[in-house]
There are 2 protein chains.
Amino acid sequence: MPRKPLTPVSFTNVTFDDVFWKPRVEINRTNTLPIEHQQLKASGQLAQYRWKPGMPGMPHIFWDSDVAKWLEAAAYSLATHPDKKLAKQVDAVVDDMAAIQGKDGYLNTHYLLVEPKKRWSDLRGCHELYCAGHLMEAAVAYAEATGKTKFLDMMCRYTDTIRKEFGRGKGQKRGYPGHQEIELALVKLFRATGKKDYLDLAKFFVDERGRKPHYYDAEAKARGEESHRWHFGAAYAYCQADKPVRELAEVTGHAVRAMYLYAGMADVAAHTGDKTLLPALRRLWKSTTQRRMHVTGGIGPTAANEGFTFDYDLPNESAYLETCAAVALVFWAHRMLHLDKDAKYADVMELALYNGALSGISSDGKRFFYENPLAAHPGAPSGRREPGTHHRRVGWFGCSCCPPNIARLIASIAGYVCSSDDKSLWVHLYAGGSAEAQIGGQTVKLTQRTRYPWDGKVSMTLRPETAAEFTLALRIPGWCRKAALKVNGKTVSLQAVTKKGYAHIKRTWTKGDRVALDLPMPVERIEAHPNVRQDTGKVALKRGPIVYCFEQVDNFKNLHDIALPADAKLQTTFDAKLLGGVCVITGKAKMRVVEGWGDELFSADATKVKTVAIKAIPYALWANRKPGEMRVWLNAR
Amino acid sequence: MPRKPLTPVSFTNVTFDDVFWKPRVEINRTNTLPIEHQQLKASGQLAQYRWKPGMPGMPHIFWDSDVAKWLEAAAYSLATHPDKKLAKQVDAVVDDMAAIQGKDGYLNTHYLLVEPKKRWSDLRGCHELYCAGHLMEAAVAYAEATGKTKFLDMMCRYTDTIRKEFGRGKGQKRGYPGHQEIELALVKLFRATGKKDYLDLAKFFVDERGRKPHYYDAEAKARGEESHRWHFGAAYAYCQADKPVRELAEVTGHAVRAMYLYAGMADVAAHTGDKTLLPALRRLWKSTTQRRMHVTGGIGPTAANEGFTFDYDLPNESAYLETCAAVALVFWAHRMLHLDKDAKYADVMELALYNGALSGISSDGKRFFYENPLAAHPGAPSGRREPGTHHRRVGWFGCSCCPPNIARLIASIAGYVCSSDDKSLWVHLYAGGSAEAQIGGQTVKLTQRTRYPWDGKVSMTLRPETAAEFTLALRIPGWCRKAALKVNGKTVSLQAVTKKGYAHIKRTWTKGDRVALDLPMPVERIEAHPNVRQDTGKVALKRGPIVYCFEQVDNFKNLHDIALPADAKLQTTFDAKLLGGVCVITGKAKMRVVEGWGDELFSADATKVKTVAIKAIPYALWANRKPGEMRVWLNAR
């Protein structure tokens, strides 16, 4: 690590007063959290703690994690918006869990109630450590939000049990999770409690992963199973256990597992100072973002493994791109940003956040996508196991990891805006509101006024308690070609002060100093790398951080027949009434004409074309109105 | 039916002496049939008749059909090329089958040896009637080729058993096959034996299909199973049993089953004179060829059901397009042609034959495709259950229906060239060689000289035994825009004599009369219907009946980045040394340049393009050289 990593400014110290995030956080609080509580109840997940053999609603191996993510989201909300009803709901779940926790601290509902003799027998397939991780994250959030330590204490007891079970000592298991997540959770628990044992355990799981002989073979043998029951090479890579993590060269397998692992590795690196993890993390970053990521920041193109395929394979209509994967990419990018202090991570974080992650939730916060394809045709089937859930958001899923995941991200999204260290205040995301950071022993307040992401003008005011020298590091987004900066009305040369995508303004700041950042955001026609066979000859429209798409409801059928001329003039308009207020892009394009084609499927006569008016909306907001076709990439002429 | 259906001129009365079919039939005889015999031996399928419980190589429910199709192909070959070794191999299989045939005539290896108590218990899923049908076809071919009646007698005994089992009488089953095929086979058996019972049974299976209450529910119940064990609506349509066949409106489900059913329906209509089947057949023809067929004549785009999806859904890289389905489309088209005497059927027959069916076999006749996609990328996975078999032909499959199917088609392909009735001789396919037909009580010999399909000039000579008036009906292919016809050097106005795509030349023909047909075949840029989202903005190259494709081995990587300018000049050259002699298409196109793009996946800077030389080969011949990318549809500029 070049220097000490940055520290995020907590979401509790950042407030939004803007057109974009304020309403979304509010909808998350007033609609999403209550709706998800109802869904957890309806699915039987809240009653799971009282399940007995013979009853319906048998606790599934991943149910703890769904509840945990909702608890975490609720805790974040309680931290900024105290709410008695919500607090009571949370407390009830914690009490229910406390009632079944084992005397030894063990706390997994499925294994406590359904298969008590099979604890820790199938790390590869059964999500036991994954659930533990999510519960840890929830417990930390709950303690920080409410000051109540009951849940945190429960999780410390559970973690102490896990510590005894896993390790390199005699009688201990040298295993690691099949679905990663606990690594980053243990680092959170370490930060919340200061107990280094937890950090050590996180490092243990990271270090053991993928070593030979494979633990998964050993545990399969212990279960009396053929270790080759699963497709081999494929399956180790499926959960990123095909080689020790420091040797990993490309992103493979299940996308969410990969992202959680990498986030955990970054956390371990940041808190242990272990530099040996960094080369792998940087290689994997390139593999992910330079060869295996969609233009929306969505990742994991196929339903077959809920994950990655091969370089430059970026299908549109069949793209899986799980909401959780985009959320997890935000997590990983955020951590890499804090390690490497490079805006390239913030660029991807912003991209995935505004597009591939936010598309996972409806504009009213009540319905969710699991899959986030880049094109939709009403007749086309989904790769997903739950039919009918890929073109219309639904209230819940049989495996409902995504809804509470997007909820916890939105509930804490204010924590992604700024970071600080002793000598500098970093701004990653632009959004109207204010932040209070600790810099050099005093509180510095930063206020942003902006209509971002609909407009790139950002007016900032700094208010240190007393005048002091420090650096204000402002992200100059990678998508912006003509950024301009003024401090107290005086132009600052960005070329002179920009390093790794951040403009570093080091000066003595006094209360009321003004910074004006202008990030012009014309509509851009994006092309994909020539190796991407699915997008060749096509363009996507992007404006600032927002990727656009075309929906049938704004246009017509056969969106694929639109061809956008190279010289097409594209206008931007803010439509305050549409989808909570969005910038739309309009223009004219050519379109193949069905009329007059005839009955034949194929013809040597060229189709006629006509001129049509077209309209694009932000991709993340598609499928909030009348069902129909959608596509991000248009043919270019 | 407007008139009496046509009758094909038997393949035994047609000989090839040409550049295209003669070598293919020869390779089929000398390479394919022996190789397939070896494969059947290696797979255990030839030894199945001696299987006993506990032994490896348990006869699979569809194994009889694979062997039967090989027997049928071998019989066709024996009919034109006597071959002692092959005859001995065939006789050995017939003897083996005779040895296990039940006293009651029953003859299904799996149910005789493996599950003797489960006969006729699962028509829906277990291919029992399907195997019977293929055995009937083989027996008819064998009897006609060799004059030996043993196999035919065996099959008559088996069919008599089937007749007793199925019917509307007391104690009989009102069932019908889950995998159709027996319908058309029974009509063949009827034609070979003259026994109308067999035609009646074919009609019974056709008429019972899809009636409510569903037989499949009844038999499931009888097995003690939930009748809803399979996905309902979907599964009836999967085997075209969702409604009575006369009500079928669109082609659905498993493509091969659909085609065999429709071929059987056409046979029943032709031989019973039942006109009530015709409206459905014509609707289904439109559904198939105007909305659900690839440009190669391949059908059944998805591996999910080995079949159809929805109108205008014609994927390229993931297209399944089973070889058997194209072969079966040839069968159905051939029958519709004989019913309706319309060249539109012959056009599709020719298209599917030269492209989607022939692509199923390698140029050396030794390896086979199950899937016939229209684009291939080395990294892309197959939809097929047997990985690695979609980009490279292989010697055999776990379910190896396609190899013997294409072999029997090629062995009897001469039977698709001409047809006749009392007053007319019809020519459907152009190929150098000669045919002898019975017209008005005498033998008329027709000789064709042509380099078709590489050249559209066809010189024909007619040789009736004595001068006689009859009609020569010549197909004017739908792809041909400027056909020209001369009789004895004198131009005939095609406009005046052409009806439903056939030029009807009615005159008194004398020995040595010459007919010159010129079918110019410039390279054409084919577009797909505007509703086909996968091909919009793209063109395919076609010349005469041949669809072309681009292979990496002739070009370069990233074929998807080629853009063919609207004014690109395309040359045709015959390359005698390439793939047995083929016309290749060459020209220049634009190509996106990878060099200089940089590391990013997406960019707002337009890619640079360069000019490249491109070369296309007939689609059916791809994957005979070095592995790599392939694509039929190119971006158009």
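Between the C-alpha center of the stretch A:575-637 and that of the stretch B:495-566 there is a gap of 31 Å.
What do you get for trypsin sites (Lys or Arg not before Pro) in the stretch B:527-570 restricted to DSSP loop and a cutoff of at most 15 other Cβ within 10 Å of the site's Cβ?
Passing sites in the stretch B:527-570 are B:K557, B:K569.
Ordering A:G171, A:H127, A:A141 by Cα displacement along the dipole of the stretch A:48-182 toward the positive end leaves A:G171 in first place; charges were set at the Cβ atoms of Lys, Arg (+1) and Asp, Glu (-1).
Quote the charge dipole size of the stretch B:524-636 about the Cα centre in Debye, to the nearest 20; the model charges only the Cβ of Lys and Arg (+1) and of Asp and Glu (-1).
360
Packing order of peptides A:459-467, A:329-337, highest average first: A:329-337, A:459-467 (average count of other Cβ atoms within 10 Å over each peptide's residues).
When B:V612, B:V582 are sorted by how many other C-beta atoms sit within 10 angstrom of their C-beta, beginning with the fewest, the order is B:V612, B:V582. Annotation: the residues A:T7, B:T276, B:T161, sorted from fewest to most other C-beta atoms within 10 Å of their own C-beta, follow the order B:T276, A:T7, B:T161.
For the residue pairs A:K538/A:K577; A:K610/B:K608; A:K118/A:K188; B:K542/B:K615, alpha carbon separations beyond 24 Å are given by A:K538/A:K577; A:K610/B:K608; A:K118/A:K188. Under 14 Å from the 7 Å Cα→Cβ point of A:R191, by amide nitrogen: which residues of the stretch A:306-336? Backbone N within reach: A:331-336. With Cα atoms defining each centre, the stretch B:409-464 and the stretch A:231-306 are spaced 64 Å apart in the structure. Normalising the average separation of contacting C-alpha pairs (under 8 angstrom, six or more residues apart) by the number of residues puts the relative contact order of the stretch A:524-636 at 38 percent.
Over chain B, what is the relative contact order in percent, taking alpha-carbon pairs closer than 8 angstrom and at least six residues apart? RCO, chain B: 13 percent.
Between the listed residues A:L6, A:Y49, A:M460, the Cα displaced farthest toward the positive end of the dipole of chain A, a dipole computed from Cβ unit charges relative to the Cα centre, is found at A:M460. For the stretch A:1-85, applying the loop criterion from DSSP together with a ceiling of 10 other beta carbons within 10 Å to the trypsin sites (Lys or Arg not before Pro) yields A:R3. Here's the picture: charge each Lys and Arg Cβ at +1 and each Asp and Glu Cβ at -1 in the stretch A:477-587, and of A:N488, A:I562, A:L517 the one pushed furthest to the positive end of that dipole is A:N488. Summarising the strand pairing of the stretch A:510-637, around 95 percent of its internal DSSP beta bridges are antiparallel. Given +1 at the Cβ of Lys and Arg, -1 at the Cβ of Asp and Glu and no other charges, the dipole of chain B around its Cα centre is 1180 debye to the nearest 20.
Quick check on my link table: of B:K164/B:K195; A:K341/A:K423; B:K203/B:K344; A:K275/A:K506; A:K341/A:K506, which ones sit more than 18 Å apart, alpha carbon to alpha carbon?
Table pairs above 18 Å Cα-Cα are B:K203/B:K344; A:K275/A:K506.
Between B:K212 and B:K117, the modelled label-to-label distance comes to 3.5 nm, taking each label 7 Å out from Cα in the direction of the beta carbon. Within a straight-line Cα-Cα reach of under 17 Å, A:K221 can be paired with the following aspartates and glutamates, leaving aside sequence neighbours fewer than 8 residues apart in one chain: A:D122.
In this label model, B:T276 and B:Q438 are separated by 3.3 nm, measuring between points 7 Å along each Cα→Cβ vector. For the stretch B:1-119, averaging the sequence separation of C-alpha pairs within contact (under 8 Å, six or more residues apart) and dividing by the residue count gives a relative contact order of 25 percent.
Within the shell defined by Cβ-Cβ distances under 12 Å, the residues around B:S65 carry a net charge of -4, with Lys and Arg each +1 and Asp and Glu each -1. Taking every residue in A:536-544 and counting other chain Cβ atoms within 10 Å of its Cβ, the average works out to 3.
Basic side chains Lys and Arg get +1 at the Cβ, acidic Asp and Glu get -1 at the Cβ, and with that the dipole of the protein assembly as shown about its Cα centre reaches some 1420 debye.
Bear in mind that the values in this text are calculations on the coordinates, not laboratory data. Treat the numbers as computed from the prediction; the structure is a model and nothing was measured. For neighbour counting, all protein chains shown are included, and Cβ atoms are generated from backbone atoms with ideal geometry for every residue, glycine included.
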